[in-house]
Amino acid sequence: MSRVISLCRQSSLDRRLGRWMAQHPYLSYGLLWLAMPLGLLAAVFLLAAAIAFPVAWLFGCL
């Protein structure tokens, strides 16, 4: 039983982040507006690079 409880415990960083978001809702909402598109762009770029580099290597462009 104690193992189950210890697996569900929240880290201190999560608690501090949650408290900060509760105290500053507009800042955290604005950060989401900034971070989500940048995260999506980074994911698309990394996926495109993961495909483009091996293909460029195969065709001798590198």
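The values are calculated or read from the model by the stated rules, or taken from the named source; none is laboratory data. Predicted model, so just to flag it, every value in this text is computed and none were measured. For neighbour counting, all protein chains shown are included, and Cβ atoms are generated from backbone atoms with ideal geometry for every residue, glycine included.
Summary of computed values
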item: Total residues in region 7-24, condition surrounded by 10 or more Cβ atoms within 10 Å (Cβ to Cβ) and assigned to a helix (DSSP H, G or I); result: 8
item: Subset of region 1-24 (residues that are of a type in the set (Gly, Ala, Ser) and either touching a helix residue (DSSP H, G or I) at 6+ places or on another chain (Cβ under 9 Å) or at pLDDT 90 or above (or both)); result: Ala22
item: Close pairs (6 angstrom Cβ cut-off, 6 or more residues apart or separate chains): within 17 Å of Leu17 (Cβ to Cβ) in region 28-43, surrounded by 10 or more Cβ atoms within 10 Å (Cβ to Cβ) anywhere; result: Ser28/Met21
item: Filter result for Leu27 (modelled with pLDDT of 90 or more, surrounded by 10 or more Cβ atoms within 10 Å (Cβ to Cβ) and of a type in the set (A, V, I, L, M)); result: no
